[in-house]
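Step one of this worksheet: look at the structure below.
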Amino acid sequence: MPMNPRWKLLAPLLVILFPVIFWLLLTRGHNTFKRLPIVGPFEITATGDTIYHTIPHFQFTNQMGEVVSDADLNGKIYVANFFFATCKTICPKMNEQVKRLQDAFAGQKGFQILTFTVDPDKDSVAALKVYAEMMKADPSQWWFLTGQKDSIYDLARNGFLVPAAIGAAGDFFHSQDLILIDKEKRMRGLYDGTEPAAVDTMIDEIKVLMKEYQ
């Protein structure tokens, strides 16, 4: 019996589509996107589970005079960095790049930026507000934070593991690190905030991290 002309047309198409359909069935329910590494120390429990370093509780005041804490970041991806408003060297370069992050993810409620001052004696709420306005920071998405100096330094050193903050509690430090934190408060990347190419990479990897939660 001769083959139906319609099947003659469909057969080559089915041959092409079969591998694609098979691959979709095979990978259904699995995340096929690249995943970012988890950064920082970890420990393995007796049951074989891996427990990664997480950012501890903190509470500071932002440029609007609002008291905010890590609880306000639940369910959010965020970026943290450290600066002081009178810095004339790396801080302006770094925060120009942080502004690029804000612009890249403007209006995304699941993304936040935290810029901590390391000179809270000078960087009052009012001073941070002036600086934030100069940077055109959206106060709903980019917080400039101040508080007790020892608390800020302890968080930098033991929470965000900033290498430049290893000295004694009274030391004054610079750091150009931008630190990417996921929704579980784990560190997922460190980037040089003074290098546009590094921030380009960071923008791409934030998008990768966001896909992990889709």
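If you check every pair at least six apart or on different chains, which have Cβ atoms under 8 Å apart with a residue in segment 199-214 that is closer than 18 Å to K99 by Cβ first and a residue that is hydroxyl-bearing (S, T, Y) and open to solvent by less than 40 Å² (accessible area, probe 1.4 Å) second?
Cβ pairs passing all conditions: V199/Y191; T201/Y191; M202/Y191.
Tell me, which residue of segment 7-65 that is at pLDDT 50 or above, hydroxyl-bearing (S, T, Y) and exposed (fewer than 10 other Cβ atoms within 10 Å of the Cβ) is nearest to G189 (Cα to Cα)?
By that ranking, first place goes to T50.
Among the residues of segment 35-94 satisfying the criterion of being charged (D, E, K, R) and in contact with a strand residue (DSSP E or B) (Cβ under 9 Å, 6 or more places away or on another chain), which is farthest from I152 (Cα to Cα)?
E43
Tell me which of these S140 doesn't satisfy, since it passes every other one: (1) of a type outside the set (A, V, I, L, M, F, W, C); (2) assigned to a loop (DSSP other than H, G, I, E, B); (3) closer than 20 Å to Q102 by Cα; (4) touching a residue at least 40 places away in the same chain (Cβ under 8 Å).
Status for S140: all satisfied but (4).
Only strands (runs of 3 or more DSSP E) wholly contained in segment 28-105 count here; list those with 1 or more residues that are closer than 26 Å to A197 by Cα, touching a residue at least 24 places away in the same chain (Cβ under 8 Å) and touching a Ser or Thr at 6+ places or on another chain (Cβ under 8 Å).
77-83
Would you mind telling me which numbered condition in (1) in contact (Cβ under 8 Å) with a residue 40 or more places away in the chain; (2) charged (D, E, K, R); (3) surrounded by 16 or more Cβ atoms within 10 Å (Cβ to Cβ) E184 fails?
E184 satisfies all of (1) in contact (Cβ under 8 Å) with a residue 40 or more places away in the chain; (2) charged (D, E, K, R); (3) surrounded by 16 or more Cβ atoms within 10 Å (Cβ to Cβ) except (3).
Might you let me know whether segment 119-135 holds any residue that is open to solvent by less than 10 Å² (accessible area, probe 1.4 Å), free of Cβ contacts under 8 Å to residues at least 60 places away in the same chain and outside any loop (DSSP other than H, G, I, E, B)?
No, segment 119-135 contains no residue that is open to solvent by less than 10 Å² (accessible area, probe 1.4 Å), free of Cβ contacts under 8 Å to residues at least 60 places away in the same chain and outside any loop (DSSP other than H, G, I, E, B).
Starting from segment 155-173, keep only residues that are more than 12 Å from I55 (Cα to Cα), then list their pairs with residues that are loosely packed, with under 12 Cβ neighbours inside 10 Å and at pLDDT 90 or above whose Cβ atoms are within a distance under 7 Å, requiring at least 6 positions of separation or different chains.
That search, which allows pairs on different chains as well, returns A169/D150.
Search segment 75-110 for residues being touching a helix residue (DSSP H, G or I) at 6+ places or on another chain (Cβ under 7 Å) and open to solvent by 20 Å² or more (accessible area, probe 1.4 Å), and hand back the single one that is farthest from M134 (Cα to Cα).
This residue is A104.
Among residues belonging to segment 143-172 that are within 28 Å of F105 (Cα to Cα) and in a loop (DSSP other than H, G, I, E, B), point out the one that is modelled with the lowest pLDDT.
Here the residue is V162.
The values are calculated or read from the model by the stated rules, or taken from the named source; none is laboratory data. Here the structure is a predicted model, which is why all the values come from computation and not from measurement. Cβ sites come from the backbone with ideal geometry, for glycine too, and all protein chains shown count toward neighbours. Side chains included, ligands, DNA and RNA excluded: accessible areas come from the protein's heavy atoms. Shrake-Rupley method; radii C 1.70, N 1.55, O 1.52, S 1.80 Å.
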